[in-house]
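The values are calculated or read from the model by the stated rules, or taken from the named source; none is laboratory data. Predicted model only: the values in this text are computed from it and were never measured. Ideal geometry is used to build each Cβ from the backbone, glycine not excepted, and the neighbour counts take in all protein chains shown. Ligands, DNA and RNA are excluded from the accessible area calculation, which covers all protein heavy atoms including side chains. Shrake-Rupley method; radii C 1.70, N 1.55, O 1.52, S 1.80 Å.
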Amino acid sequence: MQMASKEEAARQIATTMKTPFSSTPSGRLVGLYFLTILLAGCRSAPEPVTLDYPHGWSQRPDELAARAALSEQFTRETGIHVRDIPWPESTSDQLAFLRTVLQGRTTGADLFGVDPIWSELLEPDLIDLRPYFAEDLSLVKPELLSSYAVARKVVAIPYQLNVGSLEYRSDLLREYGYDHPPATWDELERMASRIQTGERAKGRKDFWGFVWQGAETESLTCNALEWQAGEGGGRIVESDRTISVNNPAAIRAWSRARRWIGRISPPAVVDYRERDSMNVFDSGLAAFNRVWLGTSVARSGPSSRVYWRSLEPRVSTGFTSVPGGPGGSGGTLGGAGLAVSRNSIHPREAVKLVRYLVHAQIESIEKRRRASAIQTAFYNSDHSEKSTHNLNVVLRPSIETGSLYIQVSAAYAATVHSVLMGKQGAPEAAAALEKQLIRITGFRTGRPKALQ
């Protein structure tokens, strides 16, 4: 038997509806009311699924346009809409935003970026993505995935990850007779001092050798961790949950950085954040700059997309790994992995968007990498994305310290900052920090471990 249309069915229901008022004007009005509601329900299309996605790294026009195009393409292919929600700039503000959304048991975010240091803290509010990404996870570099694996649960898929790196003026290195960027901190000091002296002799009195992020923030934790790990000073708290920060190598690293200030780094560097150091470098007023360099999450190699940059620099640049020392060389792992909220009412659709974004990011990086190799080979462009960067990451001890990491990092940054400001000597500061971390964590002390 053929099915009647929804409109015909509605009319039949209205005709056969029996009520005490069916023959009265009021009864006819009641019938008409229910008929109108029923017909409206028959004719209204279901609301499309819309995912709330708080995010936002770069504010460059090309990046904004690319993100919008990606969302539109996803909607065309799946019918799922994406609502972009503004994202705070600072790490602490982002975490506060997420905790408010997640702990408030609202649906204000279906998926979002998770900094590697938040994994343990946010794990109860995130779904396990391992069952959805069994094949994809085998393509991800293990060192990038480890920060998102909590108690056998994958809380986020590495996405826009970046590693602490060194950006340098390739034109100035050639001009001053260097055929390679610095591999060690000793080399960086010599190169920075020579280039600074030469540029100032040309009349550029505000030129500096090396800029970095010295404000008392998470950025300083990342910088100082790279200094001390390269010196052989460990990771503050080691993988076996021992406190190792009070050691001669860490003390040497902090003392070295203190000597940079006023010599190869500006006195104001103790207040610099990412955009501050980048503005100085991009203006042509520094030879070296510590940056966050994007890395492909796949095993194919690094990218050289710099995060936090709003405009292309006006100078010729190159990229390399953070300099090292006796302990090796490694950049702090940062950035974001994509996670899905346990409170999402559209978890499967959110997982679809995570997979779509991750695959698109890998394809984009691979495309830029291939184009960069061709451009470098044929044009030898100083502005191409060429890099001598080797991936060797330093993980902040967030998995080891869990919900206490925020306190641990704040104590560490405050201690290093006091050394940079000359308020404490490095040996006294390290001893005091060790006692403070024992009080915060309850962990015992131990020896620093070498970079993996």
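Remark: pairs (first residue in the range 107-125, in contact (Cβ under 8 Å) with a residue 12 or more places away in the chain and more than 22 Å from PRO86 (Cβ to Cβ); second residue part of a strand (DSSP E or B) and aliphatic (A, V, I, L, M); Cβ separation under 7 Å; 6+ apart in sequence or on different chains) = PRO116/LEU333; SER119/VAL150; GLU120/VAL150; GLU123/VAL150. The sole residue among GLY203, GLY198, GLY177 that is among the small types (Gly, Ala, Ser) and open to solvent by less than 30 Å² (accessible area, probe 1.4 Å) is GLY198.
Is it the case, given these coordinates, that SER310 is at pLDDT below 90 and of a type in the set (Ser, Thr, Tyr)?
yes
With the requirement that a residue be polar (S, T, N, Q) and in contact with a Phe, Trp or Tyr (Cβ under 9 Å, 6 or more places away or on another chain), what does the range 164-192 give you? Residue satisfying the conditions is SER165 alone. Annotation for the range 150-164: no member residue is assigned to a helix (DSSP H, G or I) and at pLDDT below 85.
Of all the numbered requirements in (1) assigned to a loop (DSSP other than H, G, I, E, B); (2) small (Gly, Ala, Ser); (3) open to solvent by 10 Å² or more (accessible area, probe 1.4 Å), SER255 misses one, and that requirement is (1). Of all residues in the range 77-90, none are at pLDDT below 80, over 24 Å from SER119 (Cα atoms) and either over 16 Å from the mean Cα position of the chain (by Cα) or in a helix (DSSP H, G or I) (or both).
In the set ALA360, ALA339, ALA413, ALA432, only one residue is in a helix (DSSP H, G or I), modelled with pLDDT of 95 or more and closer than 30 Å to GLU123 by Cβ; that residue is ALA413.
Would you be able to tell me the number of residues in the range 49-66 that are within 19 Å of VAL340 (Cα to Cα) and either at pLDDT 75 or above or surrounded by fewer than 11 Cβ atoms within 10 Å (Cβ to Cβ) (or both)? Of the residues in that region, 7 qualify.
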